[in-house]
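Just so it is clear, none of the values below were taken in a lab; they were calculated from the coordinates. All values reported here derive from a predicted model rather than from experimental measurement. Because the Cβ atoms are built from the backbone with ideal geometry, glycine has one as well, and the counts that use them run over all protein chains shown.
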Amino acid sequence: MSNQSGITASEKLKKFLGSCRDGRCRLLKICITDGARPQLELEDSREGSDTWDKDWDKYILPLVDPDQPTYFLYRLDEKDSSENFLWLLISWSPDHAHTRQKMLYASTKATLKKEFGQSQIKDDYFATAKEEMTLSGYKKHIVLMESPCVLSKEELELKEIKETETRVDIGVDTKQQTMGSLMFPMEQSALTALQTFRTQSADYLQLAIDIPGERILLKKQGVYNAEELTNLIPEDSARYHLFRYKHVFQGEATSCILFIYSMPGYSVSIKERMLYSSCKNSLVDTIQNQFNIEISRKVEIESGSELTEAFLQNELHPIAVDTKPKFAKPAMPNRGRRRITKAPPS
């Protein structure tokens, strides 16, 4: 799910965007202004002097601020069927920039594309490191986009499971693993909290099982970010957590819902472990089917210290693993032990 900031383009920028399509302008640098009412504003521009690839490094690199996100609109030499020049939208978002700034630029990009005209944007390029802003960095991006799709670690695991399932042989000696599921009723406050979460009035819910009463209770709800999530996980008892993770991925402001099952090792009783494990699937079904809350990822942890930004990003957006076999140099033929031969006497 993508979010928008509500920031609009200034009248000055709108006028400039309408007059820069004649082929003279090569580069636009567009920023979001500070203040009570931020707007998209033109910060700098450059006219073309050579081909698009020769203009790249000499125009773009001097305008890159190492600490501040920004947008670049870069004109290519290619034209569409209507003889209009095609452009490249570059979203520069350095890794060490403030999270609020990165979110702000990510959630405003759709507005900029709409103001400029999406049909004239050939490619949407997202960069976080200075070397990615070079021409060679962009060309690597093109090669990567044109290469065959590789499977992520998660997709590889799923593929292995499906292949294993198709090879199952059932006979008199076969043992199949089954899992039981319990369904405890939820108290009214928990039902109300789920409804509140669905309407995005809360970003975090913590649910617990009342073991003697065999009910699911609401323990905590509110609006928290990923940095605060660590301190919300109890260290002495199991819990279910529903968290709406708002973050930036590939230049887009995104929110994904995680179902987190926390079980602090073996410090809890066997009965508590069994009840939480058995109720988990039925609770997830209730959340998704009765409250129409789409869960992007289910996560199991032992401690809140595991819930770092890097961990959450990797769970939701795992790094692709290249499965192409590498060329193996064939071994030299074995001809036995090497022998030293003497030259015949002359």
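Peptides 198-205, 210-217 ranked from most to least packed give 198-205, 210-217, packing being the mean of other C-beta atoms within 10 angstrom over each peptide's residues.
Calculated from the alpha-carbon coordinates, segment 20-98 shows an Rg and a Dmax of 13.8, 42 Å respectively. Note: segment 229-293, Cα convex hull, 101 Å³ per residue. Dividing the Cα radius of gyration of segment 11-146 by 2.2 N^0.38 Å, with N the residue count, gives 1.01. Measuring how big segment 47-88 is from its alpha-carbon positions, Rg and Dmax come out at 12.2, 39 Å.
Evaluating 6.51 cos²θ - 1.76 cosθ + 1.60 at θ = phi - 60° for every residue in segment 9-22, the Karplus couplings come out as 7, 6, 5, 4, 5, 4, 5, 5, 4, x, 10, 9, 9, 7 Hz, glycine and proline recorded as x.
When the pairs Lys122/Lys246; Lys29/Lys102; Lys58/Lys109; Lys15/Lys58 are compared against a 21 Å limit on Cα-Cα distance, Lys122/Lys246; Lys58/Lys109; Lys15/Lys58 fall above it. When you work out D = kT/(6 pi eta Rh) for segment 180-316 at 20 °C and 1.002 mPa s, using the Kirkwood radius from C-alpha pairs as Rh and the Stokes-Einstein form, the result is 141 µm²/s. Identify the GluC sites (Glu not before Pro) of segment 238-305 meeting these criteria: DSSP loop state and at most 15 other C-beta atoms within 10 Å of the C-beta. When the GluC sites (Glu not before Pro) of segment 238-305 are filtered for loop state and at most 15 Cβ neighbours within 10 Å, Glu294, Glu302 remain.
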